[in-house]
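First up is the structure itself, then whatever we jot down about it.
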Amino acid sequence: MSAQLEIANLHKRFGGLVAVNDVSFTLRPGEVVGLLGPNGSGKTTVMNMISGALPSDGGRVRVGGVDITRMKPHRVARQGVARTFQLVRPLPTLSVAENVLLSLAFGRRRHWGREARDLAEEKLAFVGLAGRGEEQVGNLTYIDQKRLEMARALASEPELLLLDEWLAGLNPSELRIGIDLVQHLQGQGMTVLLVEHIMEAVRALCSRCIVMSAGEVIAEGESGEVLQRPAVIKAYLGDDHA
Amino acid sequence: MKVQTAFVLAAAALVVLALAPLFIPDYWTGVLLGMTGYVTLATAWAMFSGPTRYVSLATVAFFGVGAYTVAVLNEAMPYPLVLLCAAGIGMALALVVGLSTLRLAGVYFVIFTFGLAELVRQLVSWWEVNVTYTMGRYVFLPFEGRHIYWQLLALAAVTLLISWAIGRSRLGLALKAVGDDETVAAHAGVDVTRIKLLLFVISATIITLVGAIQAPRWTYIEPSIVFNPTVSFMTLIMALLGGAMRLWGPLVGAVPLFLLFEWLSVSFPDHFSIILGLLFILIVFVMPNGVLARLEDLRKGGRA
Ligand SMILES: Nc1ncnc2c1ncn2[C@@H]1O[C@H](COP(=O)(O)OP(=O)(O)OP(=O)(O)O)[C@@H](O)[C@H]1O
Ligand SMILES: [Mg+2]
């Protein structure tokens, strides 16, 4: 089976800092894979290079066999890649429904009109915002903004979803809801790259994990096993106890 | 209000406005003419700058190019063709300017567009002095005030119609998204550069046409008349006063401010620019989203 996401020898420098150094990994269709690592290890930078937000300094990114390495973000989106942002970024002059309509209108199938409105409501209902479309995003609680972030990503009808700490900052019951939601997507066959610090979520969702430290992949494999490797524990604890 | 009702009302208003010159003194036709010109300028300006929040001071660059094109070509070809040429030149200039500046953000864009207007004025002056050996040109077109007014009125109606159509289209949604957060818009699939360029060009073309249609009014044209930066500032203030994010906002701002400016420029010609500046500051601080938004807040009983 061909890979849904294939990253080969990705590099990124910020001035003198090597943020991503020779990172390679592959996601099969339908897989939910964790991308872990201490703060500043380069996870978001990898996502930015996949989604086209940042140009890479070297390496290749393929999605469903298509080379998207040099593509602008809007073309990557139309190629079937959607993302959420580590810090939620709702569009404040747009209503809740319009935030979602945007992705429907400019995503892969370019929906508009009545059909798009119905689909937007469907996406909102899926994330738990049924009937809230007319509200202003400024009035949403934090978890609802996270939900909206997800609905907007799903509305471009992606095959690959990049979630950058989408579960961070939720209380335990909200976390449960969030995990259920991602599991639901998994059931629908979505491929997900999940950047996450919450181990409970990683264990529940990811069959496989990739661990980064200081810009490099230091471990990769089945979640339960990888999280017990000394190198991984050291990377995390070293970050806390240095 | 239902769309149909709004259309009927707008059409009725248009008919009344079109018939007005037949019943009012020429002086008032002149006032209506100037007012319609600014309504069009402000609406066209807001089409791009409202949702994207790219504050452009290039208005007079396009306005002046339109007027100058008519001054240069009015004896060389039939009038409709002259207008077409003006639109084409405005469009081409907007493409070049858009491609080179729409990457600039915030205040850099403001400064660049202001500089652009000056640059165009200097270039035209230089060209006239050194290449064509003329300074100032005459426009000989058999138009009275009301003929110019009717053309402007038609252009204003078309501009409002375009603005309305964009507001309901996916293009309008994308523009608002771009104004909020370009990165998010791009990741949702919006080709941000293309959309900004497209709107900038549409807006600039209309502005060019306003200048072209108004040209016969001056009879005598020179760069300092048609490239007067006050036009850019007045357009901006009008759009901001009414609310640049709303279809009727620029119109609501342009009508009273035009009358006020008329009165001020006659009564206090020496202090006009100072008053303009003060008004600008007042509007930005008291009603950053415009009168219409303010009224809506009051009606909702909300605090501003
Ligand atoms: N645009 C940028 N310019 C300069 N340096 C950057 C930029 N983006 C990230 N960095 C740096 O690159 C390194 C990797 O950052 P990145 O955001 O990818 O880490 P991360 O793994 O996502 O961390 P976190 O868990 O805190 O989100 C950090 O040292 C960061 O300061
Ligand atoms: Mg990060």
Considering Cα pairs under 8 angstrom that are at least six residues apart, work out the relative contact order of segment A:76-204 and quote it in whole percent.
-> 32
Per residue of B:173-182, other chain Cβ atoms within 10 Å number on average 5
Considering only DSSP states other than H, G, I, E and B, which GluC sites (Glu not before Pro) in segment B:122-230 qualify as loop sites with at most 13 other Cβ atoms within 10 Å?
-> B:Glu144
Find how many whole Å separate the alpha carbon centroid of segment A:1-79 from the alpha carbon centroid of segment B:43-82.
-> 45
Largest first, how would B:Asp181, B:Asp270 line up by accessible area (1.4 Å probe)?
-> B:Asp270, B:Asp181
Counting only C-alpha contacts under 8 Å and six or more residues apart, can you give the relative contact order of chain B as a whole percent?
-> 32
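Which of the three applies to segment A:70-210, rounded, prolate or oblate, going by the alpha-carbon gyration tensor with a ≥ b ≥ c and a/c under 1.5 meaning rounded?
Values: a/c = 1.73, a/b = 1.24, b/c = 1.39.
Here segment A:70-210 falls in the oblate category.
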Within segment A:76-204, what percent of beta bridges assigned by DSSP are antiparallel, to the nearest 5?
-> 10
Between exposed trypsin sites (Lys or Arg not before Pro) in chain A, where DSSP calls loop and at most 16 other Cβ atoms lie within 10 Å, what's the longest gap?
-> A:111-242
Chains B and A: accessible area buried, summed over both chains, 1.4 Å probe, nearest 100 Å², reads 2000
Could you check which residue among B:Leu278, B:Leu33, B:Leu161 shows the biggest mean-square fluctuation in a GNM of chain B with a 10 Å Cα cutoff?
-> B:Leu278
Expressed per residue, the solvent accessible area of segment A:1-100 in Å² (1.4 Å probe) is about 39
In peptide A:99-109, what is the residue-averaged number of other protein chain Cβ atoms found within 10 Å of each Cβ?
-> 5
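With N denoting the number of residues in chain B, provide Rg(C-alpha) divided by 2.2 N^0.38 Å, to two decimal places.
With N residues counted in chain B, Rg over 2.2 N^0.38 Å equals 0.99.
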If you take the Cα atoms of segment A:111-183, find Rg, then find the Kirkwood Rh from the mean of 1/r over all pairs, what is Rg/Rh?
-> 0.96
Amide N of segment A:51-85 lying under 16 Å from the label point, which is placed 7 angstrom from the Cα of A:Arg13 along Cα→Cβ | A:55-59
For A:Ile198, what accessible area in Å² do you get when you roll a 1.4 Å probe over the heavy atoms of the protein chains, rounding to the nearest 10?
-> 50
Yeah, segment B:1-139 with a ≥ b ≥ c from its alpha-carbon gyration tensor (a/c under 1.5 is rounded, else prolate when a/b outruns b/c, oblate otherwise) is oblate
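Only Lys, Arg, Asp and Glu count, each charged at its Cβ (+1, +1, -1, -1), so figure out the dipole size of segment A:53-153 about its Cα centre, rounded to 20 debye.
I would put it at about 540 debye.
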Taking trypsin sites (Lys or Arg not before Pro) in a DSSP loop with at most 13 other Cβ atoms within 10 angstrom as exposed, one finds the longest site-free stretch of chain B at B:104-299
Share, in percent, of DSSP beta bridges within chain A that are antiparallel, nearest 5 | 55
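For B:128-137, what's the mean count of beta carbons from other chains sitting within 10 Å of each residue's beta carbon?
Mean shielding count: 0.
Give the shape of chain A as rounded, prolate or oblate, defined through the alpha-carbon gyration tensor: a ≥ b ≥ c are the square roots of its eigenvalues, a/c under 1.5 means rounded, and otherwise the shape is prolate if a/b is larger than b/c and oblate if not.
Taking the square roots of the gyration eigenvalues as a ≥ b ≥ c, chain A is prolate.
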Among the DSSP H helices of chain A, those whose Cα atoms extend at least 27 Å along the helix axis and whose mean Kyte-Doolittle hydropathy is 1.6 or higher are none
Specify the residue with the greatest mean-square fluctuation among B:Leu152, B:Leu251, B:Leu19, computed from a Gaussian network of chain B linking alpha-carbon atoms under 10 Å apart.
-> B:Leu19
Relative intensity, log₁₀ I(q)/I(0), of the protein assembly as shown from a Debye sum that treats every alpha carbon as a point, q = 0.05, 0.10, 0.12 Å⁻¹ = -0.28, -0.88, -1.09
Whole-percent carbon and sulfur contribution to the accessible surface of segment B:10-229 (1.4 Å, no ligands, DNA or RNA) stands at 71
Residues hit by the 50 Å² burial cutoff in segment B:183-207, accessible area with a 1.4 Å probe, assembly against chain on its own, are B:Val184, B:His187, B:Ala188, B:Gly189
Sequence-separation-based contact order of chain A, relative, with Cα cut under 8 Å and 6+ spacing, percent | 26
With all protein chains present, calculate the accessible area of A:Thr44 using a 1.4 Å probe and round the result to the nearest 10 Å².
-> 40
Round to the nearest 10 and report in Å² the accessible area of B:Leu116, as given by a 1.4 Å probe over the protein chains' heavy atoms.
-> 20
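The values are calculated or read from the model by the stated rules, or taken from the named source; none is laboratory data. All values derive from a computational prediction rather than experimental measurement. Cβ atoms come from the backbone with ideal geometry, glycine included; neighbour counts cover every protein chain shown. Only protein heavy atoms, including side chains, enter the accessible area calculation; ligands, DNA and RNA are left aside. Shrake-Rupley method; radii C 1.70, N 1.55, O 1.52, S 1.80 Å.
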